[in-house]
1. How many residues, within the range 81-94, are touching a helix residue (DSSP H, G or I) at 6+ places or on another chain (Cβ under 9 Å) and closer than 16 Å to residue 151 by Cα?
2. Among the residues of the range 86-104, which ones are assigned to a loop (DSSP other than H, G, I, E, B) and open to solvent by less than 50 Å² (accessible area, probe 1.4 Å)?
3. Of 314, 277, which residue is crowded, with 16+ Cβ neighbours inside 10 Å and within 16 Å of residue 199 (Cβ to Cβ)?
4. Exactly one condition in (1) open to solvent by 50 Å² or more (accessible area, probe 1.4 Å); (2) in contact (Cβ under 8 Å) with a residue 12 or more places away in the chain; (3) closer than 16 Å to residue 273 by Cβ is false for residue 200; which is it?
5. Quick check on my filter: what residues within the range 242-260 are among the small types (Gly, Ala, Ser) and surrounded by 13 or more Cβ atoms within 10 Å (Cβ to Cβ)?
6. Considering only residues that are crowded, with 22+ Cβ neighbours inside 10 Å and touching an Asp or Glu at 6+ places or on another chain (Cβ under 8 Å), which ones fall in the range 105-126?
7. Looking for something of a type in the set (Gly, Ala, Ser), closer than 25 Å to residue 266 by Cβ and surrounded by 14 or more Cβ atoms within 10 Å (Cβ to Cβ) - is there at least one such residue anywhere in the range 234-241?
8. Provide a single number: the residues in the range 227-256 that are over 30 Å from residue 286 (Cα atoms) and either in contact with a Phe, Trp or Tyr (Cβ under 6 Å, 6 or more places away or on another chain) or aliphatic (A, V, I, L, M) (or both).
Amino acid sequence: MRKLSSGRCACLCRSARGAGAVGKMARVGLGAWVPCRRLGRMAVSFGFHRGLSTLLAPKAERAPRWLPACRQKTSISFLSRPDLPNLAYKRLKGKSPGIIFIPGYISNMNGTKALAIEEFCKSLGHAYIRFDYSGVGNSDGNLEECTVGKWRKDVLSIIDDLAEGPQILVGSSLGGWLMLHAAIARPQKVVALIGVATAVDGLVTQFNQLPVEAKKEIEMKGVWSMPSKYSEEGVYRIQYSVIKEAEHHCLLHSPIPVNCPIRLLHGMKDDIVPWHTSMQVADRVVSTDVDVILRKNSDHRMKEKADIQLLVYTIDDLIDKLSTVVN
């Protein structure tokens, strides 16, 4: 990834099947650059002004079929862990590389993105795992006692005890932070990352941006009532101890030792995690195979149809890339 002198970002795309060909660049509004894609034999560019209609044309080599309306039920299983809460998960067995979806803050494994990826993996016959963090959804544990460090252990447990062979991690929001930690801890098993509205250092950054008086009040009360339109109550109540613990897991203060391919998708209307965070991550990781794709009208959740299609085709391209490297 290279920076332009004007401060704009250029993200180079690579053909999943081409012999080292570099795609043309498409310049779009607000000083952002997005990559073009090569689908089969036809290279197309996409940007804020064009949408994804061209990008999402079926591939000649393989036409993925993912039909959420026909989704088959997958039974819930539980991963038993000595001295740690049992984790609820659903797993598809299949080809490598497998895909693991890592949810956002207090999100469970039944979200739109998690289910869409499952159908996509079914269509291709690839292994897939989605799960609930401890204290969330069907997993055991007390949410008020959970921390970034404990959820990091949850992700590693899924990778170590359930996943077979190389894995592509897809992390949404907080999950994007945790996927980087997993890649650092398990470099032999994590072969690629896809972040959706990646919230690296998110809790700590948001807390540090508060006025001094507000931070002192939170420290005194021991809880932060953080406003959120995604909570039924309108706020997330976060223990002050959780924020302090999260400081030990911050990554943006130094180079991030992750060398695998990384794709970072972010909505420019994200009012929770600014898209600049994905740019910071791209700058900090040591990997040189990094693409940042910005969606002009997408919000934090990125769960509209075009967002989901972009996500699954990003997964598909990485599968092709990794298969080419292996072969």
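1. 5
2. Scanning the range 86-104 gives 94, 103, 104.
3. Working: 314 fails: within 16 Å of residue 199 (Cβ to Cβ).
Going through 314, 277 in turn, just one is crowded, with 16+ Cβ neighbours inside 10 Å and within 16 Å of residue 199 (Cβ to Cβ): 277.
4. (1)
5. Once the filter is applied, which keeps residues that are among the small types (Gly, Ala, Ser) and surrounded by 13 or more Cβ atoms within 10 Å (Cβ to Cβ), the range 242-260 yields only 246.
6. 109, 120
7. There is no residue in the range 234-241 that is of a type in the set (Gly, Ala, Ser), closer than 25 Å to residue 266 by Cβ and surrounded by 14 or more Cβ atoms within 10 Å (Cβ to Cβ).
8. Number satisfying all stated conditions: 3.
The values are calculated or read from the model by the stated rules, or taken from the named source; none is laboratory data. Just so you know, these numbers come straight off a predicted model, no measurement behind them. We place every Cβ from the backbone using ideal geometry, glycine too, and count neighbours over all the protein chains shown. When the accessible area is computed, the model is the full protein with side chains, heavy atoms only, and any ligands, DNA or RNA have been set aside. Shrake-Rupley method; radii C 1.70, N 1.55, O 1.52, S 1.80 Å.
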